[in-house]
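Undergrad: Before I ask anything, let me first share the structure, which is written out below as C-alpha cells.
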Amino acid sequence: ALTTPDGEAGYMVLGAPMRRPEPGGPRLQHLTAWEIEDESVRELRAFALKNGDPGELRDTLAKWMVESAVRWCFFHEDRPEVTNRRDKRAPTSFVREKRILLLGCGALGSNMAEGVVRAGAKSLHLVDKGIVSPGLLVRQNFSHGDIGLPKARSLERSLNELDLGCDISADFADITKIGLHPLAPEGVDLIIDATASRCVAHRLEEDVREKSINAPMLCVSIDASAEFGNVLVRMADYVGGPVQLNREAKIQALRSSAAHAAVRAFWPRTKPELFLPEPGCSDPTFTGSHADVTALAASMLNVGLRRLQRLGKTHGSID
C-alpha cells in the first residue's frame, strides 16, 4: 500500500513449492496472485499511516480484510522450469536451440521459416533475392503492406512479431552469385534450401566441392501442380551435394517406380507446359493454393528432420 501509486490497484504475489511438471519430480514454484482494487489500497495506506490504540487498529484491519475488493489474477505461464512444451516430441524438436540458415522465402520457405521459429530455433538467417508482388499473397506468408519490399526483410519483420526468443536476421541477396561463404555456414547447424531452384542447387554443389559447407542440408521442392514433395537430406560429411542427390533420386525412382504419379510429376516424359501467373513479367512457377503449399511444406520439414536425426554424418537421403 505504501509503494503503490495512488489510483492504481495493488498486487499480492505468492510463490509456493507445489508444482511437479514430471510425476515424482521435485517441487517447483507455483505462482498465485491477487489484485486489490485502488480504493481498497487507498484505505490500507491510510490505515498503515494511522496511529492509535493497537486493539482498535487490529479490529479495523480485520474489517478491511473482510470487506476490501480482492480478485484472483490469471497467470500466463511460460517459465521453462514448470511448463512442458506442446511440441516436445515432434520432429521439429530437432531445431530447438539450433542455428538455421534458410535459403528462399517463397511458398515453401515462408512456411518453413515460421515452423522453425515456433519450434524454438536459437537463430534463423533468411536469404532471398525476391520482392513481394500482389499475386504472391494468394499462397505466401506476406501481407498487403509488404508489396514492393524484399521477401527476406518482410518475413524477418513478421517472424520477429512472434517474439519467441529466436534471433532472426535477413539478407536481400542472390545466393547463386555470393555463395554460402559470406553467410558463414560454419556458424550454422542446419541449412534449408527452399528455393527449388536448379541454379541454386548447382551453386551449392560448387560450395560442396570447395568445402564451404560444414553443416547438414535439407533441400525441398514440389511438383508443378503442388501434389507431391521431394526431400533431399545431405549430412555434413556426405561427398556430394543437392545436384548429385537429385540425380540419384531420379535414377532410383525411374528404375523402381517409373509409372508412379509422383515420379511422372517430377520427371515427366514430355516437357510440361509452363505456367506464367503474370504473362511477360513473372517467372514460371507451379499451380497450387496456400493450403497445398502449407501442407507440403510442413510434411517435408517433418520428413527431412526425422531423417537428419537418424542418418550418419557421411550419408545422404532421398524421399
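The values are calculated or read from the model by the stated rules, or taken from the named source; none is laboratory data. Quick caveat, the model's predicted, so the values are computed rather than measured. Cβ coordinates were reconstructed from backbone atoms using ideal geometry, including for glycine residues, and neighbour counts include every protein chain displayed. Note: accessible area is taken over every heavy atom of the protein model, side chains too, but ligands, DNA and RNA are not part of it. Shrake-Rupley method; radii C 1.70, N 1.55, O 1.52, S 1.80 Å.
Undergrad: Given the conditions (1) in a loop (DSSP other than H, G, I, E, B); (2) under 28 Å from P5 (Cβ atoms), which single one is not true for L57?
TA: Condition not satisfied by L57: (1).
Undergrad: On to the next question. Tell me which of these L31 doesn't satisfy, since it passes every other one: (1) surrounded by 14 or more Cβ atoms within 10 Å (Cβ to Cβ); (2) touching a Ser or Thr at 6+ places or on another chain (Cβ under 7 Å); (3) assigned to a strand (DSSP E or B).
TA: (2)
Undergrad: Those residues that are in a helix (DSSP H, G or I) and open to solvent by 50 Å² or more (accessible area, probe 1.4 Å), I need them from the stretch 287-297; list them, please.
TA: H290, A291, D292, A295
Undergrad: May I ask you to list the residues in the stretch 146-163 that are open to solvent by less than 60 Å² (accessible area, probe 1.4 Å) and of a type outside the set (A, V, I, L, M, F, W, C)?
TA: D146, G148, P150, K151, S154, E156, S158
Undergrad: State all residues of the stretch 225-239 that are small (G, A, S) and either modelled with pLDDT under 90 or out of contact with any helix residue (DSSP H, G or I) (no Cβ under 9 Å at 6 or more places or on another chain) (or both); if no residue qualifies, say none.
TA: Correct list: A236 only.
Undergrad: Here is a further query. In the stretch 255-288, what count of residues is obtained for those that are at pLDDT 85 or above and among the charged types (D, E, K, R)?
TA: 2
Undergrad: Need pairs with beta-carbon distance below 9 Å; first residue acidic (D, E) and within the stretch 1-24, second assigned to a loop (DSSP other than H, G, I, E, B); sequence gap 6+ or separate chains.
TA: Cβ pairs passing all conditions: E22/N84.
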